[in-house]
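Report on one structure; see the data block that follows.
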Amino acid sequence: IPLRALPALTDIRYERTADGIAKMTICRPSVRNAFRPQTLRELEHALMHARDTPSIRLVILTGEGTLAFCSGGDQSARGHGGYVGHDGIPRLAVLDLHIMMRRLPKVVIAMVAGYAVGGGHILHLVCDLTVAAENAVFGQTGPKVGSFDGGYGSSYLARIVGQKKAREIWFLCRQYSAEEARAMGLVNTVVPLEELEVETVKWARQVLEKSPTAIACIKAAMNADGDGHAGLSQLAGEATRMFYQSEEGKEGKKAFLEKRKPQFVPYVQET
Ligand code: 1HA
């Protein structure tokens, strides 16, 4: 199955710039860009496409319009034990999406106007950087609607804002302004709504000027701290990728295919 082939998209828009930015927009403004299983499936495909396309170097995730980035799981799609799509199977697929976003060896920037609440708040949280408009509103709603995210939505949130604040966010379910979110370290910068896209692209282009390998490794290193074995495997995977490109790594493969003993002696390194 070609991963680079994108299916027809109904819930998201996927656009690209010539200089390597992929923009993914959740397009369900009538429900404040709440995600349903179809939305998540499309985001998964778009992320796989971005991952496997070398000319794409960075992703911007956003929501259609100015009222909401994302209001979390579409409550009308919520069934017994999860969110139910066309196949009738209840799933919590957004948890897989978080991991895909963390694993992407490219920077993901959340561009937030309006509400980023519930599962929508966690989506921005999992992004590497967040650029917020002055009208942005942040918060968790789970305990109000009978839900919670005990994964990145709680432990990673607590790493960012501290334990007391994270408990406040979840236990009280308050809404926080963009400025309050910036003061907590939840967002990187706050700009007037009309400057949101220009500022986000400015941040993106500053990242694009940097070494892609350095960026991928530093992202993996920062994830490793919180992602346990999965994080270490992501970080080590970057090392393996570079090792495969070395003469020493290539000698191992060549020797195996030529059915001879590998000659690693020339590669012994001085310490
Ligand atoms: O916690 C999880 C998970 C945990 C573990 C694993 C997976 C998880 C997956 C998902 C989630 C969650 O996301 S739980 C949290 C679900 N989200 C919410 O509780 C937010 C619900 N929405 C609101 O609080 C408000 O709508 C809002 C603050 C975002 C906006 O308020 P506003 O501007 O006053 O607009 P409002 O009139 O409330 O909404 C506009 C329309 O959008 C309404 O529909 P209408 O009356 O026009 O027909 C409203 O029902 C709809 N809407 C908004 N949010 C959602 C929604 N419809 C379905 N689901 C929504 N999330």
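3J(HN,Hα) couplings calculated from phi for the range 142-159 with the Karplus curve 6.51 cos²θ - 1.76 cosθ + 1.60 (θ = phi - 60°) are, in sequence order, x, x, 7, 10, x, 8, 6, 10, x, x, 4, x, 10, 5, 6, 4, 5, 5 Hz; Gly and Pro show x. Helix 94-103 axis versus longest C-alpha principal axis of the chain: approximately 40°, rounded to the nearest ten. When nucleic acids and ligands are ignored and a 1.4 Å probe is applied, Val117 ends up with an accessible area of around 20 Å². When Met242, Met111, Met48, Met222 are compared by accessible surface with a 1.4 Å probe, the order from highest to lowest is Met222, Met242, Met48, Met111.
Between amide H atoms placed 1.01 Å from N, distances below 5 Å from Ile21 occur with Arg57, all of them 5 or more places distant or on a separate chain.
Near Val137, the amide H atoms lying under 5 Å from its own belong to Gly114, Tyr115, Ala116; only residues 5 or more places off or on other chains count, and H is placed 1.01 Å from N.
If you fit an axis through the alpha-carbon atoms of helix 247-257 and take the longest principal axis of the Cα set of the chain, what angle between them do you get, 0 to 90°, nearest 10? In the chain, helix 247-257 runs at an angle near 70 degrees to the longest axis. Under 5 Å from the amide H of Ala34 lie the amide H atoms of Ser71, each residue being 5 or more positions distant or on a separate chain, with H modelled from the backbone and absent for Pro and chain starts. The range 1-74 and the range 112-181 have Cα centres separated by 20 Å.
Kindly provide the helix-only [θ] at 222 nm of the chain, computed as the sum of -39,500 (n - 2.57) over DSSP H runs of four or more divided by all residues, to the nearest 500 deg cm²/dmol? Don't skip to the end; give the middle numbers.
Numbers: 10 runs with 117 residues, N = 271.
When only DSSP H runs of four or more count, the value is -13500 deg cm²/dmol.
Ordered by 1.4 Å accessible area with all protein chains kept, Glu179, Glu238 run largest first as Glu179, Glu238.
Once the Cα atoms are used to define both axes, helix 163-172 deviates from the longest principal axis of the chain by about 40 degrees.
The values are calculated or read from the model by the stated rules, or taken from the named source; none is laboratory data. Please read these numbers as outputs of a predicted model, since none were measured by experiment. When the accessible area is computed, the model is the full protein with side chains, heavy atoms only, and any ligands, DNA or RNA have been set aside. Shrake-Rupley method; radii C 1.70, N 1.55, O 1.52, S 1.80 Å.
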